[in-house]
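Right, one structure below, let's go through it.
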Amino acid sequence: MNYLDPQPPRREAVIRYLDADFQVVREGEFVRCAATGKAIPLTDLRYWNVDRQKPYGSAEAAFAERP
């Protein structure tokens, strides 16, 4: 295995979601989508719900989770 090969995410981060940003509470490489359960690398995290403190992998997943 080459060190340049993509590596799967290893540690799940704990995040505090703010209005236009997020704060890392515990270091990690990814969070889990609240709707699908898939790992979202922190570099790709774009969607979350501040009130529920939940991350989403896409806008579609965020709207699908709504009650």
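Points worth noting:
- Q7 being part of a loop (DSSP other than H, G, I, E, B) and either more than 8 Å from the chain's Cα centre (by Cα) or modelled with pLDDT of 95 or more (or both): yes
- Of residues in the range 30-67 being hydroxyl-bearing (S, T, Y) and within 16 Å of Y17 (Cα to Cα), the one surrounded by the fewest Cβ atoms within 10 Å (Cβ to Cβ): T43
- Here is the figure for the range 10-29: residues that are modelled with pLDDT of 95 or more and touching a helix residue (DSSP H, G or I) at 6+ places or on another chain (Cβ under 7 Å) total 1.
The values are calculated or read from the model by the stated rules, or taken from the named source; none is laboratory data. Being a predicted model, the structure only gives us computed values, none of them experimental. Cβ: placed from backbone, ideal geometry, glycine included. Neighbour counts: every protein chain shown.
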